[in-house]
Amino acid sequence: AWVVQDKMPWWQLNADYSTGVGESQRVVLEDGTVVQLNSSSAINVAYTAQQRIVMLLRGEIHIATAHEPAKRRPFLVASDQGSMRALGTQFVVRQLTNDKDSPIKIGVLEGAVEVAPNELSTKVRLQAGEQLSFTRHMLTPVEPILPYDTAWLKRMLVADDMPLAEFLAELSRYRKGSLSCDDSIKHLKVSGTYPLEDTDKVIDMLQQSLKLEIRMLTRYWVRLMPASV
């Protein structure tokens, strides 16, 4: 089963740039734009004389766009849900599944980005420090970016009263195999800053802080359980 799971999925096979589980990659494009790919992410790149496009296939990326005052080619991040036009900026984009109806989350760190869902006439301009999620036919209200939204850039996972099940789902993005918890403890709250370079250490920290038991069949099957009396 693990051999089958480790085969490269289609979105990596067809991507110009991609990362596996737990990997990250820094890509410098021909115009000097820098793209940082998080774990299990993939993009295609299409530069023409008229425009610069990065197609997000899956995952999470950080983009620092290069300025082109002479050529004036617009820079777009495209997806099945819509497009995001950079206006001299740094921003992060996240879509964790291949489902065309899965929402995209975008947060702007510097400058501004214009968000245009495919099936809406409405466009929204996000300024630095703002984020929202959108699908082809929906936009959520604008919210402030929180520290844990960009912690992955420093290879950290930050939680603030995050339910244990949600925390483990996020941590699972950075390790191969199955990581889960018993339903009786899935609502326990997790807070703190955790290093993504050592997920085994994070699991040990959870065991100690929440007083849990670890059931393990090799490091590829881990389940957290309530502590035995």
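The values are calculated or read from the model by the stated rules, or taken from the named source; none is laboratory data. Here the structure is a predicted model, which means the values were calculated and not measured. FYI the Cβ positions are ideal-geometry reconstructions off the backbone, even for glycines, and counts take in every protein chain you see. Just the protein is used for accessible areas: all its heavy atoms, side chains included, with ligands, DNA and RNA removed. Shrake-Rupley method; radii C 1.70, N 1.55, O 1.52, S 1.80 Å.
Could you figure out which of (1) modelled with pLDDT of 95 or more; (2) open to solvent by 10 Å² or more (accessible area, probe 1.4 Å); (3) in contact with a His (Cβ under 9 Å, 6 or more places away or on another chain) isn't true of Asn38? Going through (1) modelled with pLDDT of 95 or more; (2) open to solvent by 10 Å² or more (accessible area, probe 1.4 Å); (3) in contact with a His (Cβ under 9 Å, 6 or more places away or on another chain) one by one, Asn38 breaks only (2).
For the stretch 196-217, the candidate set comprises residues that are in contact (Cβ under 8 Å) with a residue 12 or more places away in the chain and farther than 15 Å from Cys181 by Cβ; within that set, the residue that is least open to solvent (accessible area, probe 1.4 Å) is Leu196. Given the criteria in contact with a Leu (Cβ under 6 Å, 6 or more places away or on another chain), surrounded by 13 or more Cβ atoms within 10 Å (Cβ to Cβ) and either modelled with pLDDT of 95 or more or of a type in the set (Val, Ile, Thr) (or both), does Val142 qualify? Against the criterion (in contact with a Leu (Cβ under 6 Å, 6 or more places away or on another chain), surrounded by 13 or more Cβ atoms within 10 Å (Cβ to Cβ) and either modelled with pLDDT of 95 or more or of a type in the set (Val, Ile, Thr) (or both)), Val142 qualifies. Taken as a whole, the stretch 42-55 holds at least one residue that is out of contact with any strand residue (DSSP E or B) (no Cβ under 7 Å at 6 or more places or on another chain), in a strand (DSSP E or B) and touching a residue at least 12 places away in the same chain (Cβ under 8 Å). Filtered by the rule that a residue be hydroxyl-bearing (Ser, Thr, Tyr) and either in a loop (DSSP other than H, G, I, E, B) or open to solvent by less than 40 Å² (accessible area, probe 1.4 Å) (or both), the stretch 145-185 gives Thr150, Ser172, Tyr174, Ser180. Taking the criterion of being over 17 Å from Leu76 (Cβ atoms), out of contact with any Phe, Trp or Tyr (no Cβ under 9 Å at 6 or more places or on another chain) and part of a strand (DSSP E or B), the residues of the stretch 95-130 that qualify are Gln127, Glu130. Among the residues of the stretch 97-110, the ones that are in contact (Cβ under 8 Å) with a residue 40 or more places away in the chain and open to solvent by less than 50 Å² (accessible area, probe 1.4 Å) come to 2 in all.
The numbered conditions (1) modelled with pLDDT of 95 or more; (2) more than 14 Å from the chain's Cα centre (by Cα); (3) open to solvent by less than 40 Å² (accessible area, probe 1.4 Å) are all true for Thr135 except (1). Of Ser209, Ser228, all but one fail to be out of contact with any Phe, Trp or Tyr (no Cβ under 7 Å at 6 or more places or on another chain), assigned to a helix (DSSP H, G or I) and of a type in the set (Ser, Thr, Tyr); the exception is Ser209. Going by the conditions given, is Tyr194 part of a strand (DSSP E or B), of a type in the set (Phe, Trp, Tyr) and within 18 Å of Ser39 (Cβ to Cβ)? Taking the combined requirement at face value, the residue satisfies it.
For the subset of the stretch 49-92 comprising residues that are basic (Lys, Arg) and open to solvent by 30 Å² or more (accessible area, probe 1.4 Å), which member is nearest to Ser121 (Cα to Cα)?
Our first condition is that a residue be basic (Lys, Arg); within the stretch 49-92, this holds for 52, 58, 71-73, 85.
With the extra rule that they be open to solvent by 30 Å² or more (accessible area, probe 1.4 Å), the set shrinks to 58, 71-72, 85.
Details: Arg58: 25, Lys71: 28, Arg72: 24, Arg85: 15 Å.
Once the filter is applied, the top-ranked residue is Arg85.
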